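**Student:** Mind looking over this structure? Questions follow.
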Amino acid sequence: MSNTPKITQSVSTGAFNIGGRNPLALIAGPCVIESEKIVRDIAVKLKRITEDLGVPFIFKASYDKANRSSIQSFRGPGLKEGLKILQKIKTDLDIPILSDVHKEEEVEPAAEVLDILQIPA
């Protein structure tokens, strides 16, 4: 008898299902949105690679990296500008988007753009 837990549930990203008996999906992207051009370039390349390999893909980038080790570190463009950039990426490339939310008041506006909300550690 195996001690490996069985994954029996799946979750819809809108574009495809993950978990359960669905194929492994790749969640990838830059740690934080540095600029629209940088995240777009990364998203385009990741989409091309995953399409070539037949791997489901979810793009991840943070609009606010609040858990930095230094208060002087770059945190990203913030909620409003970051969600605007992520919405453009989602619409233009037709890919599901994931980002982390840090405060309760971010959930509603983030849920209007993001396919998956992540609560960081």
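Where a number appears in this text, it was derived from the coordinates with a stated rule and is not lab data. Here the structure is a predicted model, which is why all the values come from computation and not from measurement. So basically every Cβ, Gly included, is an ideal-geometry build from the backbone, and we count neighbours across all protein chains shown.
**Student:** Once you charge only the Cβ atoms, +1 for Lys and Arg and -1 for Asp and Glu, what is the size of the charge dipole of the chain about its Cα centre, to the nearest 20 debye?
**Tutor:** 340
**Student:** So, one more: For the chain, with equal point scatterers placed on the C-alpha atoms only and solvent neglected, what are the log10 I(q)/I(0) values from the Debye formula at q = 0.13 1/Å, to two decimals?
**Tutor:** Evaluating at q = 0.13 Å⁻¹ gives log10 I(q)/I(0) of -0.55.
**Student:** For K47, list the lysines whose Cα falls under 20 Å from its own Cα; do not include residues on the same chain fewer than 8 positions away.
**Tutor:** Cα-Cα hits under 20 Å: K37, K60, K84, K88, K90.
**Student:** Along the Cα-to-Cβ line of E104, 7 Å from the Cα, sits a label point; which residues in the range 76-95 have backbone N less than 11 Å from it?
**Tutor:** none
**Student:** Simple spin-label model, 7 Å along Cα-to-Cβ: A66 to K80 in nm?
**Tutor:** 1.8
**Student:** What relative contact order, as a whole-number percentage, does the chain give when Cα pairs under 8 Å and 6 or more residues apart are counted?
**Tutor:** Reported relative contact order: 21 percent.
**Student:** Sticking with this one: Between E112 and S73, what is the label-point separation in nm under the 7 Å Cα-to-beta-carbon projection?
**Tutor:** Label at S73, label at E112, 3.0 nm between them.
**Student:** Given the DSSP H assignment, sum -39500 (n - 2.57) over each helix run of at least 4 residues in the chain and divide by its residue total; what's the result at 222 nm in deg cm²/dmol, nearest 500?
**Tutor:** Details: 3 runs with 43 residues, N = 121.
Calculated at 222 nm, the ellipticity per residue is -11500 deg cm²/dmol.
**Student:** For S62, which sequence-distant residues (separation of 5 or more, or a different chain) have an amide H within less than 5 Å of its own amide H, given hydrogens modelled in the peptide plane?
**Tutor:** For S62, whose amide H was placed from the backbone, the distant partners under 5 Å are V32, I33.
**Student:** Take T8, T13 and order them by how many other Cβ atoms sit within 10 Å, fewest up front.
**Tutor:** Values: T8 8, T13 18.
Starting with the residue having the fewest Cβ neighbours, the order is T8, T13.
**Student:** Taking the beta-carbon count within 10 Å as an exposure proxy, list D52, D115 from fewest neighbours to most. Intermediate results must be reported in sequence, preceding the final value.
**Tutor:** Working: D52 8, D115 17.
Lowest to highest Cβ neighbour count: D52, D115.
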